[in-house]
Amino acid sequence: MLSGIDRVKVMHVIWRIAVILFGIFTCLLTTGCWDAKEIQDRNFVLVAAIDDADIVEKSESEKQKAQTETFVQKHGTKEYMLSLQILKIAKSDGKGGTQAKNTFVISDTGKPMFEMVRDMLGQSSKSIFFEHLEAIVISEAAVKKSGLRPILDFFRRDPEMRSRTKIFITPGEAKAIAEFSPPTGEPGGLYLNGLVRNHKKNIHVGGAKTDVGFITQGMDNNTDYAIPRLNYIDKVPKLGGMALFKNDILMGYTDEYITRGLKFIYGTEKSAVITIKCPKHLEQEIVYELFKHDTKLTPHIEGDNIYFTLDITMQGNIGEINCAAEHDIHDVQFLHSIEEAIAQEVSKNAQDCWVFQQDLGVDIPNAKGRFKAYHPFEWKKIKDRWDEIYPTIPLIVSVNVSVRGTGEHD
C-alpha cells in the first residue's frame with residue numbers, strides 16, 4: 001500500500017506525463033501554416049505603373065486588346081491605367097540559362113487602384129501579391145490630373161505594401177517602363193530599384209528619402225519633397241533630376257545641376273565626383289572624388305531679418321586631372337587652389353539651388369521646419385506669413401574643402 005505522500009507523487013508524475021503527451025499531440029495537429037500558399041500559386045508584382053488613361057497611345061491591335069483592360073464601372077470615371085509587371089516563375093531547364101523575358105505586364109483602367117487590381121484577376125489565374133513590389137512609376141500626366149495623394153492612397157494603405165518601395169515620376173508613359181526588359185537579364189523591378197540605390201555615388205540623382213514611407217511622412221506633415229525623375233528614351237531608362245512636390249502637387253523638375261545643389265545642401269552623397277576647371281588651364285578639367293561630406297543648415301534672426309547659413313565640410317581625393325603633366329601634384333599651393341575652386345563651385349551650386357526652389361515655391365530642405373525648431377516663439381509670429389517670407393530669405397554658404405589624396409599614380 002502506498003502512503004498518502006507516495007500517492008501524491010505518483011499522481012504528480014502521471015499529470016506531468018499527460019501534459020507532455022497532450023503538448024506533443026497538439027503540435028502534431030498544428031504543424032505547418034494553415035494559410036500557406038506555394039510560390040508558384042502567386043503572381044508577384046515587381047512594378048506598378050500608373051498612366052493617364054485618356055492619353056495612353058494605342059495601336060489598332062492594342063485598341064482591340066484594350067477591351068480586356070476595362071470593366072463596367074457604375075461609380076466614378078476611368079481616369080487611370082494601372083499596369084503591373086509580374087514575375088514569371090518557371091521550372092529550371094537544368095542548364096543554368098535565363099529566360100529571354102522573365103516578366104509580363106497586365107493592365108486595367110479605372111480610378112480606384114484597389115478596384116482595378118481586383119478586376120485584373122480576370123486576366124490572372126493566380127492571386128496578385130504585392131509584398132515584393134520594387135518600384136512605383138507614375139506618369140507626369142497622371143499626377144497632374146488629380147495630384148499624387150489619390151494615386152498613392154492604395155499603396156500607403158494596403159498591408160501588403162512595403163514602405164521602402166521606390167517611387168519614380170516619368171514625363172512619358174509609365175507602362176512602357178513596366179514593359180522594359182533590362183539587358184542584364186534581371187527582372188525590370190529589381191533593375192529600377194538598383195538604379196536609385198546608386199544615388200550616393202551619382203550626384204545627378206536624388207535617391208535619399210524618396211520611397212513610399214518618406215513620401216507618406218511628407219504628405220502627413222505637410223512638407224515639400226522630391227521624387228526621382230525617370231526618363232525613357234529610345235527604350236532606355238535613365239535617372240536624372242528630380243520632380244518637386246508641394247503637398248501632392250507637381251511644381252516642376254530640377255535638372256542635374258540643381259539636383260547636385262540640393263544634394264550639397266542635404267549632404268546625402270558619400271562617394272560622388274565634382275568637376276571643376278583647372279585654376280591654371282581653364283580649358284581643362286579636374287575631378288574631385290568626395291568621400292566625406294557634412295552639412296549644417298541653420299536659421300538666424302537679426303532684428304526683423306531672417307537668413308540661413310549653410311556650413312559644408314568636404315574631404316576627398318583627386319580623381320582625375322586632364323592637364324596633370326603640366327603640374328606638380330605635390331605642390332601645396334596648387335592643391336590649395338584646387339580646394340578653393342571646388343569650394344566656390346559648391347557654394348554657387350548650393351545658392352543657385354536655394355534660389356531655384358524659392359522661385360518655384362517649394363522648400364525641399366524643410367527650412368520651415370528648421371526655423372520652427374530653432375525659433376519656436378518667433379515662428380508663432382510669422383507662421384501665417386511664411387509663404388510670403390520664404391522667397392526673400394537669403395542663404396549664406398561656407399564651404400571647407402580638403403584634398404586628402406592625389407591617386408595611385410602621379
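Taking region 388-403 as the range and being touching a residue at least 12 places away in the same chain (Cβ under 8 Å) and either surrounded by 16 or more Cβ atoms within 10 Å (Cβ to Cβ) or farther than 25 Å from Tyr257 by Cα (or both) as the test, the residues that pass are Ile389, Tyr390, Ile393, Leu395, Val397, Val399, Val401, Val403. Go through the residues of region 178-187 one by one and say whether even a single one is over 21 Å from Thr109 (Cβ atoms), at pLDDT 90 or above and touching an Asp or Glu at 6+ places or on another chain (Cβ under 9 Å). Yes.
Can you tell me which residue among Ile151, Ile203 is crowded, with 16+ Cβ neighbours inside 10 Å and either outside the structural domain of Lys78 (by TED's automatic domain parsing) or at pLDDT 90 or above (or both)?
Values: Ile203 fails: either outside the structural domain of Lys78 (by TED's automatic domain parsing) or at pLDDT 90 or above (or both).
After applying the criteria, what remains is Ile151.
Taking the listed residues Thr275, Thr313, Thr295, the one that is more than 18 Å from Thr259 (Cα to Cα) and either surrounded by 15 or more Cβ atoms within 10 Å (Cβ to Cβ) or modelled with pLDDT of 90 or more (or both) is Thr313, with no other qualifying.
In the set (1) modelled with pLDDT of 90 or more; (2) small (Gly, Ala, Ser); (3) under 27 Å from Ile169 (Cβ atoms), the condition left unmet by Ala341 is number (3).
Annotation note: Cβ proximity below 6 Å between a residue of region 252-278 that is within 19 Å of Val403 (Cα to Cα) and a residue that is in a strand (DSSP E or B) and among the polar types (S, T, N, Q) (sequence gap 6+ or interchain) occurs for Gly267/Thr295. Within region 354-387, being within 15 Å of Asn247 (Cα to Cα) and free of Cβ contacts under 8 Å to residues at least 60 places away in the same chain holds for one residue alone: Asp387. Quick check on region 125-144. Is at least one of its residues of a type in the set (S, T, N, Q), under 21 Å from Gln40 (Cα atoms) and in contact (Cβ under 8 Å) with a residue 40 or more places away in the chain? Yes, there is a match, as at least one residue in region 125-144 is of a type in the set (S, T, N, Q), under 21 Å from Gln40 (Cα atoms) and in contact (Cβ under 8 Å) with a residue 40 or more places away in the chain.
Looking at Leu282, is it in the same structural domain as Val355 (by TED's automatic domain parsing) and loosely packed, with under 14 Cβ neighbours inside 10 Å? Yes, satisfied.
The values are calculated or read from the model by the stated rules, or taken from the named source; none is laboratory data. Keep in mind that this is a model prediction, so the values were computed, not measured. Neighbour counts run over all protein chains shown; Cβ positions are idealised from the backbone, glycine included.
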